[in-house]
Amino acid sequence: GPSSIRPLNAFPHATMNMQQMMGKDAALTKKDQKELESMMNDMMFKEMQDMYINLVDRCFNKCVNNFRSRKMLSTEKDCISNCVAKSIAHNKRVQMRFAEQNQMMMGGQGGMPGAPGST
């Protein structure tokens, strides 16, 4: 339910230091940095919202196919629980792999490839 939705700062691997993203030599004013952070937070929120909507659609369409009763069947409830659990596990695994790749990129070069200050 809504109480299980975590705030964006609960995904530390999804956020990146502005200096890392822009390169060591990049100079952003405090105002520009705040605007960029706000834009990135908005993008992350939209991405999480889209992911949640997709999850609901996918699991509902996969699991609920009997509309003869007002209540869900126990098999439908079980199917939805499994679908959601598998989707969340998959998303966590993808996020971990993304974080590992990001660390490898940042660790070996000091910045993103092609970014100012990167080697």
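The values are calculated or read from the model by the stated rules, or taken from the named source; none is laboratory data. Quantities reported herein were computed from a predicted structural model and do not represent experimental measurements. As a convention, Cβ positions derive from the backbone with ideal geometry for all residues, glycine included, and neighbour counts pool all protein chains shown. Calculation scope for accessible area: heavy atoms of the full protein, side chains included, ligands and nucleic acids excluded. Shrake-Rupley method; radii C 1.70, N 1.55, O 1.52, S 1.80 Å.
Which distance in nm do the two modelled labels at Met39 and Asn61 give, with both placed 7 Å along the Cα-to-Cβ direction?
A separation of 3.3 nm, rounded to one decimal place.
Which value, in Å² and to the nearest 10, is the accessible area of Glu76 when all protein chains are kept and the probe is 1.4 Å?
10 Å²
Please give me the summed charge of the neighbours of Ala99: other residues whose Cβ is under 13 Å from its Cβ, Lys and Arg +1, Asp and Glu -1.
Numbers: positive: Lys92, Arg93, Arg97; negative: Glu100.
Cβ neighbours under 13 Å give a net charge of +2.
Going Cα to Cα from Lys71, which lysines come in below 26 Å? Please leave out same-chain ones fewer than 8 positions away.
Lys62, Lys86
Put a dot 7 Å past each Cα toward the Cβ at Ser81 and Arg93; how far apart are the dots in nm?
Taking the two extended label points, one gets 2.2 nm.
What does the charge add up to near Met43, with Lys and Arg as +1, Asp and Glu as -1, over the other residues with Cβ less than 12 Å from its Cβ?
Working: positive: Lys46; negative: Glu37, Asp42, Glu47, Asp50.
So the surrounding residues net to -3.
For Lys34, give me every one of the aspartates and glutamates with a C-alpha distance below 17 angstrom, ignoring sequence neighbours fewer than eight places off in its own chain.
Asp42
Taking the alpha-carbon distance from Lys31 and a cut-off under 25 Å, which lysines remain once sequence neighbours fewer than 8 residues away in the same chain are dropped?
Cα-Cα hits under 25 Å: Lys46.
Which value in nm describes the separation of the simple spin-label points at Asp50 and Met106, placed 7 Å from the Cα toward the beta carbon?
Those two pseudo-labels are separated by 2.3 nm.
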